[in-house]
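Chemist: Dumping the structure here so I can ask a few things about it.
The values are calculated or read from the model by the stated rules, or taken from the named source; none is laboratory data. Keep in mind the model is a prediction, meaning the values are calculated, not measured. Positions of Cβ are generated from backbone atoms using ideal geometry, with glycine treated the same way; all protein chains shown enter the neighbour counts. Ligands, DNA and RNA are stripped out before the accessible areas are found, and what is left, the full protein with its side chains, is counted by its heavy atoms. Shrake-Rupley method; radii C 1.70, N 1.55, O 1.52, S 1.80 Å.
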Amino acid sequence: MRAFRDRIAVAGIGYSPLTRRPERSLASLAAEAVDAALADAGLDRRALDGLATSPSMPRYGGAKGTVEGIDVVTPWALGERLGIHTHTRWTGSTNGMVTQAFMEAAMAIASGVCSHVVVYRALHVPPGSYINYENRYSVGPEQWLAPFGFSGPPSWAASVVKRYFEMFGYSRADLARYIVDNRANTCRNPNGFWRGKPLAADDYLNARMIADPMSILDCDIPVDGCAALLLTSTERARDLKRKPALLTGFSAGTHSPPTGVPMTLDDIWIGCEQVAARLWEATGLGPSDFDTAQLYDGFAPFVYLWLEGLGIVPRGEGLAFLRDGHGSLGGKLPVNTGGGALGEGRLHGMTQLAEAVIQVTDRGGERQVPGARRAIATISNGLTKATAFAISRDEGQ
Amino acid sequence: MTVESEAVLRPLPLGDEVSEAFWDAAKAGRLDIQRCRACRRWNHAPSLACPTCGSEDLGYETVSGKGSLFTWCVLKEAPAPGFRDMLPLIVAIVELAEQPHLLLSTNIVGAREEELRLGMPLEVTFERVTEDCALPQFRPAREAA
């Protein structure tokens, strides 16, 4: 695994606008993000010979459409639209998280199949409420959840938070500092959906409660839009326009919770620790080797559970770490410096990866962690499909 | 049709080959959980093969109905139209007494939110939703588990 170390680089970042209810199609937004990533690297579509994504819709959310170009953008359709299907050598499309497609893209380059691959996440927010289980009957895994009202991910996360609060004596007030800091980080990020909208602690404490103790402000903000990252070999990246960010290593988790429940605190700990152990094995690094951490925040509690799972703090101390400001800009380990999915927008981990790249290439502007050499990005909740990445500054040549 | 029959219900479970024995038992007022005949581990949600030893020799056995509160949350918005009159709804995960980490998603009835404690003893009770469906629910245990 260490044979991969620093051989693949991210050479370009591209974003479409991240908004709600845009008049443009998702396919159009995806094409814009891909073109932006290519332009960032000083390349054009002719260079691109691979595309990878996870094109799925969120599991719950209004009309669960699958219309190509509107609800989803598969790499096959995007290749046609970009006019690169004639020379595309590989398209990757996982059913897991987009960050697994990122790992596959890195392997496509390492193996020599591709020279330049764009990994993108295009996401559409369908109309309707997220809390909308309207089926008369529930089948399969849902038969154990939906009849009890346990059909929405915010309530799953709430059940994890409640156990954590009860075990360690925390309350929502302990997370307010982090939520406020995170929004402040977002305001320093030109891509952030909530830029220009700072929050106060009272805004968090008085936020609309969905599944106590999870409020609307503990959930990421669903957006229409796309982010794209251009991967190539480190050798090639050094000839391109931008200073590259090196992929030092990655790992994925395979720990599943018991099947009668969606997720548990105990299983998330085990899963995060498994992902971390595999990352240390892959990279030779450890929990104290990072200058900034981009930790998945589809739901806010995952941030402190990752801090614990990675071994940055012991179990039960992650929320205190955030409460005491150690995750703030200027703190011991600045966390989610671009605002994460809570502030920048739901892109299923692309915000974390893009921000890791930004930090180790000194592109963070007002939110830059001075001289950041290594960033860690973690995605998902630690259970099966979770991934982690070590991204490093290029100090070689 | 009467107004009552048109009322919007909570989503009903539709059993399958693996799970129908669970729902049939619930309808009869029993909590039956899948158990591996090879390694004797309890298994929920039921599956085609034992997740512990891989055996496909699985059956159902009636459990004590005793458990403890593993965690919970309180829904302030209806997760489906049929829950509109049930708010706030306590959704819970119960750890059944038979085996550590044998977890079941359910609701808590007969207790207020502020009475709930991690690990508090609970016992099963069945809520008949329709003529053909009863859901296992949990209430504070009447005697120490």
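Chemist: Failed condition for B:Tyr60, given (1) in a strand (DSSP E or B); (2) open to solvent by less than 40 Å² (accessible area, probe 1.4 Å); (3) hydroxyl-bearing (Ser, Thr, Tyr), with all others met?
Modeler: (2)
Chemist: If I go through the range A:119-178 residue by residue, how many of them are assigned to a helix (DSSP H, G or I), crowded, with 24+ Cβ neighbours inside 10 Å, more than 10 Å from chain B (Cβ to nearest Cβ) and charged (D, E, K, R)?
Modeler: Going through the range A:119-178 one residue at a time, the tally reaches 0.
Chemist: Residues in the range A:243-276 that are open to solvent by less than 10 Å² (accessible area, probe 1.4 Å) and basic (Lys, Arg): how many?
Modeler: The total comes to 0.
Chemist: Among strands (runs of 3 or more DSSP E) lying entirely in the range A:222-315, which contain 1 or more residues that are within 14 Å of chain B (Cβ to nearest Cβ) and among the basic types (Lys, Arg)?
Modeler: Correct list: empty, since no element meets the threshold.
Chemist: In addition: Right, A:Leu279: aliphatic (A, V, I, L, M), touching a strand residue (DSSP E or B) at 6+ places or on another chain (Cβ under 7 Å) and open to solvent by 10 Å² or more (accessible area, probe 1.4 Å) or not?
Modeler: Answer is no for this residue.
Chemist: Continuing with this model, one more query. Of all residues in the range B:98-138 being more than 9 Å from chain A (Cβ to nearest Cβ) and assigned to a helix (DSSP H, G or I), which is least open to solvent (accessible area, probe 1.4 Å)?
Modeler: B:Glu115
Chemist: Given the residues A:Ala300, A:Ala356, which is the only one that is under 13 Å from the mean Cα position of the chain (by Cα), touching a residue at least 40 places away in the same chain (Cβ under 8 Å) and within 21 Å of A:Pro198 (Cβ to Cβ)?
Modeler: Going through A:Ala300, A:Ala356 in turn, the sole match is A:Ala300.
Chemist: Next question. Of the numbered conditions (1) within 30 Å of A:Ser129 (Cβ to Cβ); (2) assigned to a loop (DSSP other than H, G, I, E, B); (3) open to solvent by 40 Å² or more (accessible area, probe 1.4 Å); (4) not hydroxyl-bearing (Ser, Thr, Tyr), B:Arg84 satisfies every one except a single condition; which is it?
Modeler: So the condition that B:Arg84 fails would be (2).
Chemist: Go over the candidates A:Gly339, A:Gly325 one by one and state the one that is touching a Gly at 6+ places or on another chain (Cβ under 6 Å), in contact (Cβ under 8 Å) with a residue 12 or more places away in the chain and more than 26 Å from A:Thr19 (Cα to Cα).
Modeler: A:Gly325
Chemist: Kindly indicate whether B:Gly15 is within 26 Å of A:Ala158 (Cα to Cα) and assigned to a loop (DSSP other than H, G, I, E, B). Break it down into steps so the answer makes sense when it comes.
Modeler: Working: within 26 Å of A:Ala158 (Cα to Cα): no; assigned to a loop (DSSP other than H, G, I, E, B): yes.
Here the answer is no, as B:Gly15 does not meet what is asked.
Chemist: Would you pick out the residues in the range A:185-210 that are more than 14 Å from A:Leu342 (Cβ to Cβ) and either assigned to a loop (DSSP other than H, G, I, E, B) or more than 14 Å from chain B (Cβ to nearest Cβ) (or both)?
Modeler: A:Arg188, A:Pro190, A:Gly196, A:Ala200, A:Ala201, A:Asp202, A:Leu205, A:Asn206, A:Arg208
Chemist: While we're here: Quick check, is A:Gly65 at positive phi and modelled with pLDDT under 95?
Modeler: Considered against the rule, which asks whether it is at positive phi and modelled with pLDDT under 95, A:Gly65 comes out as no.
Chemist: While we're looking at this one, here's another question. Anything in the range A:71-116 that is hydroxyl-bearing (Ser, Thr, Tyr) and open to solvent by 10 Å² or more (accessible area, probe 1.4 Å)? List them, or say none.
Modeler: The answer is A:Thr74, A:Thr86, A:Thr88, A:Thr91, A:Ser93, A:Thr94, A:Ser111, A:Ser115.
Chemist: If you go through the range B:35-87 one residue at a time, how many are hydrophobic (A, V, I, L, M, F, W, C) and facing chain A (nearest Cβ under 9 Å)?
Modeler: Looking only at that region, the number is 10.
Chemist: Consider the range B:26-52. How many of its residues are assigned to a loop (DSSP other than H, G, I, E, B), open to solvent by 70 Å² or more (accessible area, probe 1.4 Å) and not hydroxyl-bearing (Ser, Thr, Tyr)?
Modeler: Here the count works out to 6.
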